[in-house]
Amino acid sequence: MPKPKGIRGLFHKLRASLGYSLSGLKEVFASELSFRLEVALGVILIPLVLWMDDTPFQKLLLIGSYLFVLIVELLNTAIEELVNWMSPDKHVLAKKIKDAASAAVFLSICVLVLTWGQFFYYML
């Protein structure tokens with residue numbers, strides 16, 4: 001069966017890409033406790049942002065800092081899974097790679113805390 005071309009082909013590719021993305025989110029959510037905790041944090045933070053009396057740019061900044069944590073966590077999980085697959089035995093380079101990916105998650109959480117802390121500081 002030939003692949004659709006033109007606008008139909010574009011929508012076919014977009015739908016397939018969305019399916020892959022949702023599958024990845026579902027897989028990481030099912031297997032990673034830290035991702036589930038970060039999603040739970042979003043269940044609290046996102047409605048709080050929508051309730052707060054801030055400018056649209058401020059709301060975007062707050063939500064963006066939260067989404068940044070999720071993005072880095074997804075990349076961390078991908079890196080860890082790849083390293084586990086490539087190097088099932090303990091190896092000093094595998095540890096370095098995993099530690100660096102974990103440090104990226106930590107720094108993204110620092111960005112979130114600093115961003116949200118700044119807004120709460122000025123709200124008080």
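Scanning the stretch 1-42 for residues that are of a type in the set (G, A, S) and within 19 Å of V105 (Cα to Cα) yields G24, A30, S31, S34, A40, G42. Checking the stated criteria, N76 turns out to be assigned to a helix (DSSP H, G or I) and in contact (Cβ under 8 Å) with a residue 24 or more places away in the chain. Selection within the stretch 101-124: residues that are free of Cβ contacts under 8 Å to residues at least 60 places away in the same chain and of a type in the set (V, I, T). The member of this set that is nearest to N84 (Cα to Cα) is I109. Suppose we keep only residues that are of a type outside the set (V, I, T) and touching a helix residue (DSSP H, G or I) at 6+ places or on another chain (Cβ under 8 Å) within the stretch 87-106. Which one would you say is farthest from L62 (Cα to Cα)? Restricting to residues being of a type outside the set (V, I, T) and touching a helix residue (DSSP H, G or I) at 6+ places or on another chain (Cβ under 8 Å), the top hit is S87. For the stretch 5-19, indicate whether the set of residues that are more than 12 Å from the chain's Cα centre (by Cα) and within 15 Å of V113 (Cα to Cα) is non-empty. Within the stretch 5-19, none of the residues are more than 12 Å from the chain's Cα centre (by Cα) and within 15 Å of V113 (Cα to Cα).
Restricting K3, K13 to residues that are surrounded by fewer than 16 Cβ atoms within 10 Å (Cβ to Cβ) and outside any helix (DSSP H, G or I) narrows the list to K3. Among the residues of the stretch 87-105, those that are assigned to a helix (DSSP H, G or I) and surrounded by 11 or more Cβ atoms within 10 Å (Cβ to Cβ) comprise A94, K95, K96, I97, K98, A100, A101, S102, A103, A104, V105. Just checking, does the stretch 25-47 include any residue being under 30 Å from K3 (Cα atoms), small (G, A, S) and assigned to a helix (DSSP H, G or I)? The answer is no, given that none of the residues of the stretch 25-47 is under 30 Å from K3 (Cα atoms), small (G, A, S) and assigned to a helix (DSSP H, G or I). V43 meets all of the listed conditions (1) without any contact (Cβ under 8 Å) to a residue 40 or more places away in the chain; (2) of a type outside the set (S, T, N, Q); (3) farther than 25 Å from K26 by Cα but one, namely (3). When L112, L67, L82 are checked against the criterion of being more than 21 Å from S31 (Cβ to Cβ), in a helix (DSSP H, G or I) and hydrophobic (A, V, I, L, M, F, W, C), L112 stands alone in meeting it.
Inspect the stretch 45-57 for any residue being surrounded by 11 or more Cβ atoms within 10 Å (Cβ to Cβ) and either more than 21 Å from V113 (Cα to Cα) or within 14 Å of the chain's Cα centre (by Cα) (or both) and give the result as yes or no. Checked against the condition, which is being surrounded by 11 or more Cβ atoms within 10 Å (Cβ to Cβ) and either more than 21 Å from V113 (Cα to Cα) or within 14 Å of the chain's Cα centre (by Cα) (or both), the stretch 45-57 yields no hits at all.
Residue check: F57 meets all listed conditions (1) assigned by TED's automatic domain parsing to the domain that holds N76; (2) within 20 Å of A101 (Cβ to Cβ) but one, namely (2).
The values are calculated or read from the model by the stated rules, or taken from the named source; none is laboratory data. Small disclaimer: the values here were computed from a predicted structure and weren't measured. Don't worry about glycine lacking a Cβ; one is built from the backbone with ideal geometry, like all the others, and counts go over all protein chains shown.
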